[in-house]
Every structure is written in C-alpha cells, then in structure tokens.
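Notes follow once the structure below has been shown.
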Amino acid sequence: GGGNMGRRQSSGRNRGGGGGGSDWDRGSQMPRENRGRGGGGGRGDGGANDWQRGKAPPPPRPVAGRGGRGGRGGRGGRHNQNNDPFPDDDFDPLVRNANRWVPSKDNSVMAKVEKQVKGLLNKITKEKFDRLAGQLCDIQIKSYDMLTLMIRLVYEKAIGEPHFSDMYANLCYQLSQRVKKSPFIQVIQSDEDPMAEPGAEYNYDEGGSASFRWSNDVSTSDAEILGPFESEDQCIDVALGNDDTDPTQRGEMELTLHRLLIKRGNFIKIMRSGDGKFYMVCFPLSQAEECGQQLSTKIFTSEIECQNDATKMNTFKRSLLNKCEDEFNKQDIYKDWKEEMKEYKKLKATLSESEQKEREEDLEFRRMKIKKQMLGNIRFIGELYKLGMLKEKIMRFCIQSLLKLEEAEGAGYLQFKNVEDDEMDEEDHEALCNLFITIGSTIDNPKAAPYMQAYFQKIHVLGEDKSLSSRSRFAYQDLIDMRSKGWKLRRKVETAKTLEEIRKEAEREERMQQQQSQQNNYGGRGGGGRGRGGGRGGDKGGYRGGRGGGDYRNDNRESGGRRDNRGYDNQYDNRGGGRGSRNDRNDGGGGRGNYGYSPNRGPPPMPSSRMAPPPVAPKILSAPGGRSGGEQFSKEKIEIRAKNMRDEFMNEGRDEKELLLTMDENLGGNEKAGNIIVQLYADKSMDCKAPERKAMIDILVILYKAGKLTKSDIEGPMADMVEFIDSFVVDSPGAIGFLGEMLAPFLDMKVLDIKWLCEKTALLMNKKDQKEVIHKAILEMKKACGDGSARAVFGGPNEVKALEQLLGAGEFQSIAAQCL
C-alpha cells in the first residue's frame, strides 16, 4: 500500500492501509484535500496520487491484490487496467437448461373459481351487495369440492370481518336458496344387500332387486384408465376379472361419464370418449376410501330415496352447518396455545432478553388471532341463526358449551349440571356475552323459557363472582340489564353502513340541530333581568329569558351599566321590581309573570351618557313544515332530494314517519316543490322496475293523505303524462299500463275524476291510444283497489256518458263488458 507503517499507525482514519493515505503526520500542517476519484481511502492504492487541480491526471499504476478498506474518502476499486468484465474470474457462461423452471398459471377449474370468488368477496360492500351477491349465486357449482371451497372462502371472510357478519350471513342465505339441487350428485346402482349390517361381509344376490348408493365426488379426470373397449359389457367383464388389461395414461383425452355401478364388490366407473369408445376405472369396494372415492354409508332400496337423501346431505345449508360445527369445535386450539405458554414460562429464565421479547410477541399475536377468529365465528353463527339458517337446538348447544353446562340425565324435568372441566377463560366469557347480544332477542322466547332460566341462573352467579375480572363481571351485569329491558342495547353497536345510511344519519343530525336552533330562537322561559325579577314567560317581548328571566350574559349590553367582577351591573339593580302587582305581571314589569321587554312600559332607565343599543331581533328560521321562508331550494336540489327520499323509503322498511319528516325538508321553501316531486316520479315510473314504481306511487299517496301534496300538485304532472303518453310508448311499450298504475289510486281517492281523465285523453290524436288508456286504467284500478272501486269510479251514469262521448258507445261497452 502507499505510505509506511508508521504513517498508517499515526492516522486513525486509514483503517485499510495506505490505499487512501497521504504524507501528513500528526502535528504537521494538514495537506490539501485530495478530491481525485477514489482519493482519501479506497482499496489498494486506488486513491493515492499527487494530482492537483489544474494539472493533467497522472497515468494509472497497476496494482496487485486488494488493499485494505479506506477511511471516509470512499472506495478505491480494483483499478482494472484492461477493462475486462471479470478479470479475476474465469468461468463458462450460463447455459439455459431445457428443463429450467418457468412461471406458469394454474388454469384448473378450481383455481379459476377460487380467484373469481375471492375477487367478488374483496369487492363486496353493503352498497354493492345485491349486484355482487347475484354474481356469486350465478357461479355454477360443478363439484362438491367447489361447494366446500366457496363455503370456506365466505366463512373465512366473515370471521375475519366481524362488522360485516350480517352481510355475509345474508349472502349465505341467498346462496342456500339458489344452491338447493346439486348437479354433481351421482346415484350408483348396486347389487348389495340393503338389510346387511354396516361393516358386515359383502353379500350380493344376482337375482335380487337392485339397491343404490350415492356419491358427490365422481370425476372423469383419472390419470390412468382401462380401455378402449367396444361395449359396456366388455368393461364390466374386465372389471370382474374375466379379462386382463393394462392401464393406460389418459393424457388430454376428454371423457364423459356413462355409467356407475357396484357389482360383486367392485366399484365400476364407465366413461365414453368422443369417438364412441368406452373406458373404465375399477377397484374393490373395500378400497374406496384409499382410492379417494366418496360413497354414502347407507344403502337404499329405491333410487328416489337415495336421490332425496343425497340432495339433503349436499345442499349449501347442510355443508355450511358442517362448517359451523367444525369451526366452533376449534375452540380447543387454545389448549395448544396454553401448553406452549406454560413451556415458555419454564424456559424463560434460560432465554436472553431479546429471545423472551420475540417469544412473547409471537404468543400474544397468536392469542389475538385465535380470539378474533373465535369471536368472529360466534357472531357469524348468531347472524345465521337470526336468518333461520341454523336451528335453535344448535344455538343451545353453543351456549351450553360456553357456559360449561350439560343436561342432567335421569331427572324428570329439565335440569343442568356443570361439566367436569368447568373452567372458563376470559375469551369464553366474552364470546358468551357477544352471542347473547347477537341472538338474545330471537332465542329468548316462551318456548325456550326453561333453558333461558337455567342459563341466566349461572350468568347471575358469574356476574357476582369476585374471582373473575371486572370486565367480565360488568359484561354479565350489562347482559342481565339488557334482558330485563327487552334486549335493548345500552349503546348502539356500530355496523357497516351503506352510503345512503350514512347520508341519512347526517341529515337526521342536521335536522335535530335545526330543530334545537328553532326552539332556542322561538323562545325560552323567562323575561327580564337575571334573578328573581324575571318570570317564566316566553320570548314575547323579543328577549331570550331563562328561569329567572332573561340571559344574564346580555345584561351589560342591554343596560349599558358597568359590571363588577362577578358580571353584574353595579349601577342598576337587575333583579326587577319585586313581585309586583297583577297588572305589573301582565304588562311586562318585574314580577314572576314578566314575559320580557314590553313596548308599553319602555326599557329600564339608562344613563344619559350611554344609551343601550336597540335589541337585535332573533333570527327566525322557517318551520320544517312550512313552504315559505328559509333557504329556497332549486329544482335540481329538490329532484336530488326526491330521489334520495324514494331510496330511503324502499330501503328503510317503508317508514311513513321518516318519509314525512324527509318531505318537510325537501319542500325547502319552494312553493312548487310538490309539483316537482310528482313530475319527477311520474317520469321515472315510465322507465323503472316494478318495486320502484310501486314505492313512488305509495309515497305520493302517503304525502297527499298527510297534506304534503295538493290536488294541483297531482293534476299538472298527470295531465302531461296522459297527453304525451304516445311518445313514451315508443321507448317503453308498457308505458300505458304504467300510466294506469299511477292514475288508479288518485282516481280512487277522488283526486282525479273521469271528466278530467276524458278531457286529457281526448288530446291524444290516435283513437287506439285513447281506448288503451281507458282500458289499462280500469284494469289497474281493479288490480290495485278491487272490482267494487273500479265499478264505482267508471260505472256511474255521468262517468259512462263521458266515456261514451270519448270512445263511442260501442267501444266503451266492449271495454266495460270485459273489465266491469
């Protein structure tokens, strides 16, 4: 390296030798900083040179070997003089092997289904639930493995996202309604004795009647097959041992299932190729489990009985029940965790601090994961029970397992006793409380009263058990209080919400704040000054009063006097004029009956040097139900609110009270708000689904009966619909029928009459359209209101005369004969 040993020892920074060193010694003047490439350290002599700024760079010097690592000056490098890519190494270039690994996609059916289901589950929300749930239900389940895969993915998602448990339970309910028949079930004809005991020696009767089994796992993708054969009988002969044939590889051959049978103790599966050849797979029946072939344990005497049992045992609901049972029984996984915790405590003293921390973090992470899965599973099971997916008996089993109770045998009545291992851990207490919170209002019914009494006897004991943690005791006490109050929650449980629900909550809070503001502005209780002088009056004089009369915060502003350090006026006594006489109370004087400021009496005396400012009139907001004052809503804003009002009505169980409150907001001080809403709903009814149209009609009827809409609000938009119905028919062939649905309730309520209908229908140029409008109006009236109402509206003498003038006597009589 560059530099002698003494210099290297004297410089503490040149740890790697003289590669970047200089001729500077401690105590001498520090040389100029060498800014050359690789200077100040580096490997070997790569950084040492005598070059200075302004001079030509020195020629490179060959170096043998690698120097030590330099100081802060950087890395010198190899100083490859010949610029070879790898001067120190000599090896053959890489050669690609024909059998090398390359990434590949799994294009199997199961992989595609799993990817599709996971994608839909990751996107599903309450807002998109209907659309995505429909797509999940449309997936064709072609095998039992595919069914169990779908259940597993949904279940894992549900217990991993407990706040969406109700949504995933609803998804399972919809899937159970769609997947009632399993196309993958195969009935197998057999010659077995159906009366034989299970596990008995195989017995068959060639001349006896056929028996049947079923299987949910029959595949045609076997790797090795026997064949080809010319006939089905040849396949059976080979399977029974009359002919020897070596198996062949199936390869990419496409085969379809031809027949399944069990004969002389052999399972025989016969398949057929596209060219008409037969292929076969067979094995002894005793080796079915070893070969991975599922078969029903029960043997049936009839094919129908076998098919019914197979359908029952392979439905989505049954498979989901099996999954619930398996997951619930996984609570024992805590035993393994507890054993690992005990083992860790024994070895804790022998571990280092870092190892202890790592083990504790790992154990805590696993415990929290198990707890989350257990609580999520309990909540999901409860939501399934509320939808009728699980029976009450199953829920009682879950409750008794958590409470460590079992029914006592031999007693003539229902009686429970504690199990031998009745120790309940913290998670059991929390899971039990969560389960009752979820299903309490459903399972606590008269039929289950004896069970609930026994359960809550132990819950009362647990709520008073001082050995339990305070958290568990209080949870049990809250549970007892909740049951005594009809299972009403003390605090609202936060669940997933749609955007509409969030918007509705925000509007409800806004409405409550507005009502509170209006109450404050319309008047409080009390009149004049703070103290005894004011009465319990309202805001009659324009001042806001409290119990003692008026807002003391405004005393100084109104009196103009100076306040002491307590905020009271020193110059004038604001307690009023005592009780006063009866007349004083009526005219606003200082008595208990004082309502505040009275123009007849005038304000209290003020000092001449400082007059009080005039009282500020309170800002009056428009009343919710009024059509004037307040903010004037534009037509566009009213239309948006009307659409939201329709969606809320459909999604919130058709709540009329909430509808009327929302309508008060939608008026927004616009006199034409009602007309705008009716016009919007009338237009939408021509191009929407039947439930949506029914909801809009019901909304208009409710609003009219409640006085929120007037007759003129209804007549104008309906007249436009009748007059221009021919243009709607071009885009919507059923428009005239939809118009009849809109007209029927208002004709029944006498909001519209036949004279009005005939006048508007006469504006149509086509006589055929006129006849169709009347015909559909009568039919929809009968459907919505009954035959009697239709005859009362269309069958009166004056009505018949008007209709005959419009259509002609013959045409109307023809319609009347059909409909009335």
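The values are calculated or read from the model by the stated rules, or taken from the named source; none is laboratory data. Owing to the predicted nature of the structure, the values given are computational and were not obtained by experimental measurement. Note: ideal-geometry Cβ built from the backbone for every residue, glycine included; neighbour counts use all protein chains shown. Keep in mind that these areas ignore ligands, DNA and RNA; they rest on the heavy atoms of the full protein, side chains included. Shrake-Rupley method; radii C 1.70, N 1.55, O 1.52, S 1.80 Å.
Its Cα gyration tensor gives region 243-390 an equivalent ellipsoid; the semi-axes, largest first and in whole Å, are 49, 25, 15.
Let's see if you can work this out: charge +1 on each Lys and Arg Cβ, -1 on each Asp and Glu Cβ, no other charges. What is the dipole magnitude of region 684-807 about its Cα centre, in debye to the nearest 20? Intermediate results must be reported in sequence, preceding the final value.
Values: 18 positive and 19 negative charges, 65 e Å.
Approximately 320 debye in magnitude.
Roughly speaking, what is the centre-to-centre gap between region 685-715 and region 311-379 when only Cα atoms are used, to the nearest Å? First find each Cα centre; the distance between them is then 56 Å.
CYS306 sits among other residues whose Cβ lies under 14 Å from its own Cβ, and their net charge, with Lys and Arg +1 and Asp and Glu -1, is -1. Note on ARG264 and GLN457: the extension gain reaches 63.5 nm, defined as 0.36 nm multiplied by sequence separation minus the Cα-Cα distance.
Rounded to the nearest whole Å³, what is the per residue volume of the convex hull around the Cα atoms of region 663-820?
On the way: hull volume 17.0 nm³, N = 158.
Enclosed volume per residue, from the Cα hull, is 107 Å³.
Order the following by accessible area, largest value first: CYS291, CYS785. Probe radius 1.4 Å; ligands, DNA and RNA are ignored. Kindly include the intermediate steps, with their values, before the conclusion.
Numbers: CYS291 70, CYS785 45 Å².
My answer, sorted largest first, is CYS291, CYS785.
Treating r as the C-beta distance of SER814 and SER108 and R0 as 60 Å, the FRET efficiency rounds to 0.40. Provide the FRET efficiency to the nearest 0.05 for the VAL730-GLU671 pair, computing r from the beta carbons and using R0 = 45 Å. Once the sixth-power term is evaluated, E becomes 0.85. Taken over the C-alpha atoms, region 328-470 has Rg and Dmax values of 18.3, 61 angstrom.
Carbon and sulfur together cover what percent of the accessible area of region 739-819 at a 1.4 Å probe radius? Numbers along the way, then the final one.
Values: 1920 of 3900 Å².
On region 739-819, the fraction of accessible area on carbon and sulfur atoms equals 49 percent.
Cβ-Cβ distance of GLU505 and VAL701, R₀ of 35 Å, FRET efficiency by 1/(1 + (r/R0)^6): the value works out to about 0.80.
Compute the relative contact order of region 674-820 as a whole-number percentage, counting only Cα pairs closer than 8 Å that sit 6 or more residues apart in sequence.
Values: 144 pairs, mean separation 31.2, N = 147.
Here the relative contact order equals 21 percent.
Dipole of region 357-484 computed with +1 at Lys/Arg Cβ and -1 at Asp/Glu Cβ about the Cα centre; of CYS398, PHE365, SER469, farthest Cα towards the positive end is CYS398.
Computed with a 1.4 Å probe on the full set of protein chains, the accessible area for ASP465 sits at about 50 Å². Only one residue of GLY251, GLY265, SER319 has its Cα farthest out toward the positive end of the dipole of region 246-334, where Lys and Arg carry +1 and Asp and Glu -1 on Cβ, and that residue is GLY265. Accessible area of PHE436 (1.4 Å probe, protein heavy atoms only, ligands and nucleic acids ignored): about 0 Å². Evaluated with a Cβ-only charge set (Lys, Arg +1; Asp, Glu -1), region 253-399 carries a dipole of roughly 520 debye about its Cα centre, given to the nearest 20.
Do any of LYS269/LYS323; LYS180/LYS269; LYS142/LYS269; LYS635/LYS760; LYS755/LYS801; LYS386/LYS689 go past 20 Å between their Cα atoms, and which? Write out the running numbers ahead of the final one.
Working: LYS269/LYS323 30 Å; LYS180/LYS269 26 Å; LYS142/LYS269 18 Å; LYS635/LYS760 26 Å; LYS755/LYS801 10 Å; LYS386/LYS689 29 Å.
In this structure, LYS269/LYS323; LYS180/LYS269; LYS635/LYS760; LYS386/LYS689 lie more than 20 Å apart at Cα.
Sorted by accessible area (1.4 Å probe), largest first, how do GLU156, GLU340, GLU780 line up? Mind showing how you got there, number by number?
Details: GLU156 95, GLU340 65, GLU780 25 Å².
Sorted by accessible area, descending: GLU156, GLU340, GLU780.
Solvent-accessible area per residue in region 714-815 equals 46 Å², computed with a 1.4 angstrom probe and all protein chains kept.
Each label point was placed 7 Å from the Cα along the Cα-to-Cβ direction; for THR125 and ALA408 their separation is 5.5 nm. The listed residues ARG379, ARG264, ARG366, once ranked by accessible area (1.4 Å probe) with the largest placed first, stand as ARG264, ARG366, ARG379.
Inter-label distance, LYS755 to LEU347: 9.8 nm, where each label sits 7 Å from its Cα along the C-beta direction.
GLU426 exposes around 70 Å² of accessible area when a 1.4 Å probe is run over every protein chain in place.
Label sites at THR498 and ASP655, each approximated as a point 7 angstrom past Cα along Cα to Cβ, lie 1.4 nm apart. Over region 210-256, Cα pairs under 8 Å with separation of 6+ residues give a relative contact order of 46 percent.
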